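Following: one structure in structure tokens, then a few remarks.
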Amino acid sequence: MTAATLTVTVSRKWSEAQDICGFEFASLDGSPLPRFSAGSHVDVHIPGGLIRQYSLCNNPDDSSRYQIAVLRDPNGRGGSRAIHDTVREGDIIQISEPKNHFPLAHEAHHHLLLAGGIGITPILCMAERLTSIGDKFSLHYCSRTPPRTAFKTRINEGRFNERVAFHYDDGDQIQKFDLEGTLASAAAGTHLYVCGPRGFMDAVLECARRLKWDESRLHYEFFGGTVEKSAGDKTFKIRLASSGITLDVSPDCTVVEALAANGIEVPTSCEQGVCGTCVTRVIEGEPDHRDSYLTEEEKAAGDQFLPCCSRARTPLLVLDL
Ligand code: FES
């Protein structure tokens, strides 16, 4: 389901760290914004037509504003460059209401928060919330260098600073993050939350699975992922259950594109398999999941897929469209 759109003002823009800008949004009339839970993100409609997802990083107890932080990625698809260069304080822009695909598991006995680089944004929001409700947590924050570390001052001067360990790529060996040791020594009932660059997340999740962490205790969110293409991609068919219309999806085309070419619109946002906007029920056939959104259990169930990026393992998929 697509979240409602909000019109907000950019009440503040600041330089948070090297190549990282912070943005704060407020309502036009000063009224509270819709409440959000830790781990939520908003879709930001960037001038020029791009829509990108950014995690909220302020304390969820404060609904007078939303804060995000954006790393400028010179090799990205253009969203981060556009928001850095074109969005200014005082601008009026559209964002979605907050959506949460990365919630806290309140049944956890302990929360282990792992952030890589700009992945600190949802993790910081979680740390604020866990502090407010008195839950136990520890946070490991890995980044390249101190000048590239967003929210260092906020964390050091904040109310949970003694629960945070900083780890820098350019620092001494002694302060480097011991991933395996940390995961191996976690108390029973600990839930793990990880957000950061793809390689960081892959390393954390691979280690956790190798150490036999149950999938239900692993929580993660990929943003800015890349859609996997495979040289072996073949043409397959999709059938719309409501009308019986059958279409071909060729190797150079996504299901969303094949549908759009025939006048059938599926709501999309990231078009990279990370936001979940396009999730569609599969009635028959086996999807070939290429997304970073569905959990391993949801992928195995095979009754839904993300048609902006995923394909088919069977010659035909019947979709609930
Ligand atoms: Fe974001 Fe498909 S549009 S997952």
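Read-outs throughout are calculated quantities, based only on the coordinates presented, and are distinct from any laboratory measurement. Every value quoted in this text rests on a predicted model; they were computed, and no experiment measured them. With ideal geometry, Cβ positions are generated from the backbone for all residues, glycine too; neighbour counts draw on all protein chains shown.
Quick rundown of the values:
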| quantity | calculated |
| --- | --- |
| Overall form of the stretch 136-176 per C-alpha gyration tensor (a/c, 1.5; a/b vs b/c) | oblate |
| Cα-centred dipole magnitude for the chain, charges only on beta-carbon of K, R (+1) and D, E (-1), debye, nearest 20 | 300 debye |
| Rounded to 5, percent antiparallel among DSSP beta bridges of the stretch 12-171 | 65 percent |
| Residues listed by number, the stretch 74-94, amide nitrogen under 16 Å from Thr7 label point at 7 Å toward C-beta | 90-94 |
| Proximal lysines to Lys237, defined as alpha-carbon separation beneath 23 angstrom and excluding residues fewer than eight positions away on the same chain | Lys229, Lys299 |
| Proximal lysines relative to Lys176, as straight alpha-carbon distance under 24 Å, when same-chain residues fewer than 8 apart are discounted | Lys136, Lys152, Lys212 |
| Whichever aspartates and glutamates have a C-alpha closer than 13 Å to that of Lys13, once near sequence neighbours (fewer than 8 apart) are set aside | Glu24, Asp85, Glu89, Asp91 |
| Gyration tensor (alpha-carbon) shape descriptor, the stretch 78-197, a/c threshold 1.5 | oblate |
| Sites Trp14 and Arg198 - FRET efficiency at Förster radius 41 Å, r taken between beta-carbons, to 0.05 | 0.90 |
| Rough spin-label spacing in nm, given labels placed 7 Å along Cα→Cβ, for Lys212 and His106 | 3.2 nm |
| Gain in span if fully extended, Thr153 to Glu265, counting 0.36 nm per residue against the direct Cα distance | 35.8 nm |
| Anisotropy class of the stretch 150-198 from Cα gyration tensor, a/c 1.5 cut | oblate |
| Choice from Tyr168, Tyr54, Tyr293 with maximal GNM fluctuation in the chain (Cα, 10 Å cutoff) | Tyr168 |
| Length-normalised contact order for the stretch 95-180 - Cα pairs under 8 Å, 6+ apart - percent | 26 percent |
